[in-house]
1. How many residues does the stretch 155-205 hold that are free of Cβ contacts under 8 Å to residues at least 24 places away in the same chain, closer than 24 Å to residue 131 by Cβ and surrounded by fewer than 16 Cβ atoms within 10 Å (Cβ to Cβ)?
2. If only one of 110, 92 is at pLDDT 75 or above, farther than 30 Å from residue 220 by Cβ, loosely packed, with under 14 Cβ neighbours inside 10 Å and under 34 Å from the mean Cα position of the chain (by Cα), which one is it?
3. I'd like the full set of residues that are under 21 Å from residue 142 (Cα atoms) and crowded, with 17+ Cβ neighbours inside 10 Å, limited to the stretch 206-225.
4. Filter the stretch 160-172 for residues that are outside any loop (DSSP other than H, G, I, E, B) and touching a helix residue (DSSP H, G or I) at 6+ places or on another chain (Cβ under 7 Å) and give the result.
5. Mind listing whichever residues of the stretch 118-159 are closer than 14 Å to residue 189 by Cα and either in a helix (DSSP H, G or I) or modelled with pLDDT of 95 or more (or both)?
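The values are calculated or read from the model by the stated rules, or taken from the named source; none is laboratory data. Bear in mind that the values here come from a model prediction, so they are computed numbers and not experimental data. Here the Cβ positions follow ideal geometry from the backbone for every residue, glycine too, while neighbour counts run over all protein chains shown.
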């Protein structure tokens, strides 16, 4: 037995593997190296057509975030708790601004809804909706957008009266009209009218466009009932 051990010790690793049928450590390493060098274990060089786009986006983001990170690093040295505390404070500021903006918008819409519940529409300024719409067009041309919104709203109410959808009277409230029509289109028109006519908000071109577009849609819906 000793003679066999001595003989195997003097043989090369490959010969030992052939003699015993069990690969030596060096042979095993060589085999593993050859296997791992095969293409299946390496990523191919497939083309990446969006590589340039992603790189540009990454560069743009870094151009914004790097100065912010540098500023935070410079501040955090003087703040107890360091960088995490600075980030926490900044996050609190952002959340606070978001809450402030949201609450202001909610209050504004809530005030409009409250006006919608009890404000009377008042006199229509004449009983001819066509004449009121011509006045509205003239007001648009001269830049009197507030007047244009009010005129189109009252012309629309007179048309609703003609369609027997409502009974117009000076004491009629937008709440009553809303309840009679149950139309989201009217409710949006009414909120805009209330904000402009009674809430002190200046009408925007989008408000005028919405009145010109939505009143015919509403009247078409009422006529189809």
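1. Residues meeting the conditions: 3.
2. Working: 110 fails: at pLDDT 75 or above.
So the residue among 110, 92 that is at pLDDT 75 or above, farther than 30 Å from residue 220 by Cβ, loosely packed, with under 14 Cβ neighbours inside 10 Å and under 34 Å from the mean Cα position of the chain (by Cα) is 92.
3. First pass over the stretch 206-225, keeping only residues under 21 Å from residue 142 (Cα atoms): 206-213.
Residues satisfying the conditions are 207, 208, 210, 211.
4. The answer is 160, and nothing else.
5. 146, 148, 149, 150, 151, 152, 153, 154, 155, 156, 157, listed by residue number.
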